[in-house]
Each structure stands twice: as structure tokens, then as C-alpha cells.
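Written below as C-alpha cells is the structure these notes are about.
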There are 4 protein chains.
Amino acid sequence: MDTLIRLEATVTQRLSADPGSSYVASLTAKGLPAIAKKLGEEAVETVIAALSGSEEELVGEAADVLFHLTVLLAAKGVSLDQVMAELDRREGTSGLDEKANRNR
Amino acid sequence: MDTLIRLEATVTQRLSADPGSSYVASLTAKGLPAIAKKLGEEAVETVIAALSGSEEELVGEAADVLFHLTVLLAAKGVSLDQVMAELDRREGTSGLDEKANRNR
Amino acid sequence: MDTLIRLEATVTQRLSADPGSSYVASLTAKGLPAIAKKLGEEAVETVIAALSGSEEELVGEAADVLFHLTVLLAAKGVSLDQVMAELDRREGTSGLDEKANRNR
Amino acid sequence: MDTLIRLEATVTQRLSADPGSSYVASLTAKGLPAIAKKLGEEAVETVIAALSGSEEELVGEAADVLFHLTVLLAAKGVSLDQVMAELDRREGTSGLDEKANRNR
């Protein structure tokens with residue numbers, strides 16, 4: 001999972017780069033709604049790939065979701081560590097009663 | 001990022017457990033469309049949290065996306081490693097030309 | 001299609017009603033992000049119903065999309081007439097070249 | 001709302017036309033997942049336009065949702081009349097208790 005650590009470092013570095021220099025910089029320059037839109041679209045495509053696509057398509061779309069989630073979080077100044085800490089917190093409290101802890 | 005490794009192991013173990021025993025087992029018992037639906041919904045909520053929610057809400061929704069993406073992939077027999085390998089592959093090829101490699 | 005006209009009238013009337021009096025009033029009281037979230041969720045469910053559900057499910061989810069789109073527009077002060085006028089405008093201009101007019 | 005009636009007639013007619021002849025024919029030729037994906041994407045864009053866009057953007061995205069919902073239903077052989085009948089049914093039964101009838 002070092003991949004995500006490297007991805008986050010790369011993304012953070014490119015956030016404020018010249019929009020012409022990378023996809024991340026170009027997307028970020030379009031603003032938060034544009035980044036959020038990409039996350040939503042890639043999630044829809046992941047849903048569709050899971051229901052009617054190949055394994056290769058699912059892997060590709062899942063990668064797109066992780067990539068754009070990382071960009072969105074970085075653009076908002078939220079680290080993946082914060083998200084992992086939240087997952088750990090749930091796992092910790094949910095050892096005995098996972099379901100009660102997840103009410104949605 | 002050991003969090004995701006542990007999460008995937010836990011999820012995989014619970015996939016075929018008694019539906020009454022955990023949220024993952026209960027969700028999986030409802031079938032793939034139900035899991036996919038949760039991923040789509042959590043992505044929409046992440047989009048909304050990024051645009052109009054608090055940092056705490058964004059962290060929570062992003063955790064929900066990672067959680068349900070992990071469940072969906074596990075239910076399809078796809079490992080997070082495969083997705084990370086795809087992200088690595090893109091990073092590798094995109095070192096020189098990230099943008100050309102990402103055509104959307 | 002008088003259905004949509006009646007639906008819009010009912011929804012508009014209930015927007016500012018006592019939250020305990022109707023679903024529309026209750027949803028509106030939660031704020032725009034909550035309404036937008038419902039639209040996004042119902043669209044995801046429509047996608048899933050189209051790919052892996054019954055005709056009855058698809059009809060139900062499509063009705064949910066139209067319902068929540070109507071609520072969202074009403075909450076923003078946008079009328080269905082404005083949306084229909086936009087569709088008419090596209091149809092008018094796209095008689096000869098529908099595709100050029102729709103660049104996505 | 002004659003707009004939707006005309007739109008549905010146009011869409012139905014173009015469903016099986018030469019893919020090169022219109023956007024609808026081209027999209028339909030790509031298959032149901034491609035149509036469903038467009039609906040999902042336009043719904044995400046409507047959510048974003050409602051939260052952070054202009055009125056003009058919201059009108060445009062809502063039109064995109066109605067357009068692609070119409071294409072998706074037509075591709076599945078479901079008529080808008082069926083969806084309107086479902087909305088009427090809910091309205092009829094929900095006069096006294098709208099909320100109880102809508103459990104999501």
C-alpha cells in the first residue's frame with residue numbers, strides 16, 4: 001500500500017503546479033467542483049464495471065476512484081492518514097459490534 | 001496504509017459469514033447490486049461533503065468510499081494489490097508524460 | 001405528462017410546510033445537500049436497476065429520480081418549464097445536427 | 001410538458017438508427033452500460049451544479065438528466081408513461097400519508 005503514500009505525495013506536489021504540466025495540476029486549476037465531479041463519475045463507472053464489465057475494467061475504474069479521491073482530499077487539505085485513522089477507529093470499536101457502529 | 005491491508009483481510013473473511021454476524025456479511029448477502037449501490041451512494045456523499053460539508057464529514061465519507069470499494073472488490077474476487085499495481089503502472093509510465101497516459 | 005405539472009405544484013406548495021407534515025417538507029428542512037444527495041442516490045439506483053434489476057424496479061427508480069429532481073429544482077427556484085425550454089432549444093437546433101450540439 | 005412526449009418519440013425513433021446519424025443512435029450503439037453511465041454522470045453534475053453552480057448550469061444539467069433518463073428507459077423498452085403512472089399512483093395514495101408511502 002506504499003502506492004497510496006507515493007500517490008498522495010505526487011498529487012500534493014502537483015496541486016499547485018503549472019496547469020499545463022500535469023493532469024493533477026490541470027484538474028485542480030478547474031476547481032473543486034471539477035475534481036468532485038471526476039470522483040462521482042469514476043464511482044459510477046466502477047459500479048457499472050462491477051455489474052457488467054470485465055475484471056480489467058473494474059481494476060481500472062477502482063484505480064480511477066482511488067486516484068481522484070486522493071486528489072479531492074489533497075485539494076481540501078485532508079490527508080489519507082486521517083481517513084485511515086477513521087477506518088482504524090471504526091475497526092477498533094467494531095470488533096465486537098461492527099454493525100451497530102455502521103448505521104448506514 | 002496497513003489499514004487497508006487489515007481492512008481487506010477482515011472484509012474477505014466476513015464475505016461468506018453468517019449475514020447476521022456482521023455488516024459486511026449482511027451487505028454481501030444482499031448481492032452485488034446492493035454493494036455497488038453503497039459505493040455509488042458514498043461517492044455522492046463524498047462529493048457533497050467536499051463541496052458543502054465539514055472536514056470531519058469529508059473524512060467520514062471518504063472512509064465509507066474506501067470501505068465499500070474494498071467490499072465490492074472482495075466480492076468480485078479482485079484484490080487491492082491489483083488496483084495498486086494499476087496505479088503503480090500509470091505512475092511509472094506517467095513519470096514523463098502523466099497527462100498523455102490519462103485520456104479522460 | 002400532466003403528472004409532472006401536478007407534481008411540481010404539490011412539491012412547491014410543500015417546500016416550506018411543517019417538516020412533520022410531508023416527506024418533501026421534511027427533506028427540504030434538511031437543506032440542499034440532503035436533497036442533492038437523494039437525487040444522486042436515486043440516479044445510482046436507476047443505473048443499477050437498468051443493468052441488473054426488473055422492469056418494475058427500473059420504473060420505481062426512474063420515478064424517484066424525477067421526484068427528487070423536481071424537489072431539487074423547486075428548492076433552487078428553478079421551474080420544470082425552464083428545463084423543458086432548454087430541451088426544446090436543443091431539439092430545435094439539433095434537428096439538422098443533433099450531435100454537434102451535444103458535445104459530450 | 002409536451003417536450004418530454006416529443007423527446008421520447010424522437011429518441012425511440014433514433015434508437016436503432018445508423019450510429020453515425022445522431023447522438024442517440026451513437027450512444028445506444030455503445031450499449032446499455034454506456035447509456036447508464038451517462039445518466040449517472042449527469043446526475044452527479046446536477047448535484048454539483050445545485051450546490052456550487054449557476055442557475056443556467058443547473059438547468060442544463062437537469063436537461064441532461066431528463067434526456068439520458070429518456071434514452072435509458074427507451075433502450076429498456078420502458079415508456080415515460082409507465083414512470084408517470086408510478087408517480088400518479090404514489091401521489092394518489094400519498095394524499096393523506098405521503099411519508100408512509102415513501103420509505104426511503
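The values are calculated or read from the model by the stated rules, or taken from the named source; none is laboratory data. Quantities reported herein were computed from a predicted structural model and do not represent experimental measurements. Here Cβ is always computed from backbone atoms with ideal geometry, including for glycine, and neighbour counts include all displayed protein chains.
Within the range C:51-79, the residues that satisfy the criterion of being in a loop (DSSP other than H, G, I, E, B) and more than 9 Å from chain D (Cβ to nearest Cβ) are C:GLY53, C:SER54, C:SER79.
When B:LEU27, B:LEU96 are checked against the criterion of being of a type in the set (A, V, I, L, M, F, W, C) and modelled with pLDDT of 95 or more, a single residue qualifies: B:LEU27. Residue count for the range D:14-50 under the criterion of being at the interface with chain C (Cβ under 7 Å from one of its Cβ atoms), crowded, with 20+ Cβ neighbours inside 10 Å and within 24 Å of A:ALA43 (Cβ to Cβ): the result is 8.
Would you tally the residues in the range A:30-50 being in a helix (DSSP H, G or I) and over 11 Å from the mean Cα position of the chain (by Cα)? Looking only at that region, the number is 12.
Select from the range D:62-88 the residues that are farther than 20 Å from D:SER26 by Cα and of a type in the set (Asp, Glu) and write down the one among them that is farthest from the chain's Cα centre (by Cα).
The first filter runs over the range D:62-88 and keeps only residues farther than 20 Å from D:SER26 by Cα, leaving D:62, D:79-88.
Narrowing the set further to residues that are of a type in the set (Asp, Glu) leaves D:81, D:86, D:88.
Details: D:ASP81: 12, D:GLU86: 15, D:ASP88: 17 Å.
Filtering the range D:62-88 for residues that are farther than 20 Å from D:SER26 by Cα and of a type in the set (Asp, Glu), the one farthest from the chain's Cα centre (by Cα) comes out as D:ASP88.
All conditions but one from (1) buried (at least 18 other Cβ atoms within 10 Å of the Cβ); (2) of a type in the set (A, V, I, L, M); (3) within 26 Å of A:LYS37 (Cα to Cα) apply to D:VAL11; the one that does not is (3).
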